[in-house]
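S.K.: The structure's right below; bear with me while I get my questions together.
The values are calculated or read from the model by the stated rules, or taken from the named source; none is laboratory data. Values in this document were obtained by computation on a predicted structure and should not be read as measured data. So basically every Cβ, Gly included, is an ideal-geometry build from the backbone, and we count neighbours across all protein chains shown.
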Amino acid sequence: MHLYLDESGNTGFKFRQGSSRYFVVALVVARDPDALADMLEEQRLAIGKLPGEELKFARLHHDGRLRVLRALAAGGLEARVLVVDKYRLTAPDMRSRDGFYKYLIGAALAVDFSDIERARLVVDESFKGKAKQADLATYLRQGLNTHGTQKVKCIRDIAYRESHREPCLQIADLVAGAVARAYEAKDLQYRRIIEQQIIVLEMP
């Protein structure tokens, strides 16, 4: 089993300078990663993209988003999504990097991961270079591995991959983008397509 992590938004709190109001983390649960990858490749070709060309929510045109999301919804998509409204995090410690990540751990623990055991967490390789987000995967692993009273090891290891070479990371981007669009732009049409396939936790 694999979990694929991607995010939308940023961890900054300078809203007047362009910081996003919402920070969205998508964790795609892939019980059969190869099947998901094959499905995405089929849709990639169907919307006129080159084989292996990276699909990102922000770069896809409207019709492409609709087609790909509908195919994912019909083809076994499963994801947990955390949505943090940064406007509501007013305590000073919450607006520091460590405070924000600790908050994300708490949010992750509130999602039901009881069916996840010894999964590999796959993260976009570029994530390591983001100064304020580099530790997110490690924080989530630490948090999820202390989930519940049975001490089940949800995450066995973390692997970093290039998103343009990893289709399931692109799926996580599409999910994060669809959900973020619903909050930031009040545009619900994309989220509605995958509503039955995702669990969304709003924090706080």
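S.K.: Return the pair list, or none, for Cβ contacts closer than 9 Å from residues in the stretch 91-106 that are crowded, with 16+ Cβ neighbours inside 10 Å to residues that are of a type in the set (A, V, I, L, M) and in a helix (DSSP H, G or I), at least 6 apart or on different chains.
M.R.: Phe100/Met94; Tyr101/Leu136; Tyr101/Leu140; Tyr103/Met94; Leu104/Leu136; Leu104/Leu140; Ile105/Leu140; Ile105/Leu144
S.K.: How many residues are over 15 Å from the mean Cα position of the chain (by Cα) and touching a residue at least 60 places away in the same chain (Cβ under 8 Å) when one looks only at the stretch 77-90? Steps first, please.
M.R.: Initial filter on the stretch 77-90 (over 15 Å from the mean Cα position of the chain (by Cα)): 85-90.
Filter once more, keeping what is touching a residue at least 60 places away in the same chain (Cβ under 8 Å): 85-89.
Number of matching residues: 5.
S.K.: Pairs under 6 Å by beta carbon, first residue buried (at least 16 other Cβ atoms within 10 Å of the Cβ) in the stretch 27-47, partner hydroxyl-bearing (Ser, Thr, Tyr), six or more apart or different chains?
M.R.: Within 6 Å, the pairs are Val28/Tyr4.
S.K.: Determine, yes or no, whether Val111 is on the phi < 0 side of the Ramachandran plot and in contact with a Lys or Arg (Cβ under 6 Å, 6 or more places away or on another chain). Let's see the steps before the verdict.
M.R.: Details: on the phi < 0 side of the Ramachandran plot: yes; in contact with a Lys or Arg (Cβ under 6 Å, 6 or more places away or on another chain): yes.
Yes.
S.K.: Exactly one of (1) β-branched (Val, Ile, Thr); (2) more than 13 Å from the chain's Cα centre (by Cα); (3) in a strand (DSSP E or B) is unmet by Val68. Its number?
M.R.: Unmet for Val68, out of (1) β-branched (Val, Ile, Thr); (2) more than 13 Å from the chain's Cα centre (by Cα); (3) in a strand (DSSP E or B): (3).
S.K.: Could you name every one of the helices (runs of 4 or more DSSP H) located completely within the stretch 96-204 that has at least 2 residues being of a type in the set (Gly, Ala, Ser) and at pLDDT below 80?
M.R.: So the answer is 97-109, 136-144.
S.K.: Name the residue that is surrounded by the most Cβ atoms within 10 Å (Cβ to Cβ), counting only residues in the stretch 152-168 that are closer than 11 Å to Leu121 by Cβ and of a type in the set (A, V, I, L, M).
M.R.: Here the residue is Ile155.
S.K.: Let me ask something else about it. Report, by residue number, each residue of the stretch 48-59 that is in a helix (DSSP H, G or I) and surrounded by fewer than 16 Cβ atoms within 10 Å (Cβ to Cβ). Talk me through it step by step, then tell me what you get.
M.R.: Filtering the stretch 48-59 down to residues in a helix (DSSP H, G or I) leaves 57-59.
Correct list: Ala58, Arg59.
S.K.: Further question on the same structure: Name the single residue that is modelled with the lowest pLDDT among those in the stretch 12-26 being small (Gly, Ala, Ser) and either outside any strand (DSSP E or B) or surrounded by fewer than 16 Cβ atoms within 10 Å (Cβ to Cβ) (or both). Walk me through how you get there before you give the answer.
M.R.: Applying the first criterion (small (Gly, Ala, Ser)) to the stretch 12-26 yields 12, 18-20, 26.
Then drop every residue that is not either outside any strand (DSSP E or B) or surrounded by fewer than 16 Cβ atoms within 10 Å (Cβ to Cβ) (or both), which leaves 12, 18-20.
Numbers: Gly12: 88, Gly18: 94, Ser19: 94, Ser20: 96.
So, considering only residues that are small (Gly, Ala, Ser) and either outside any strand (DSSP E or B) or surrounded by fewer than 16 Cβ atoms within 10 Å (Cβ to Cβ) (or both), the one modelled with the lowest pLDDT is Gly12.
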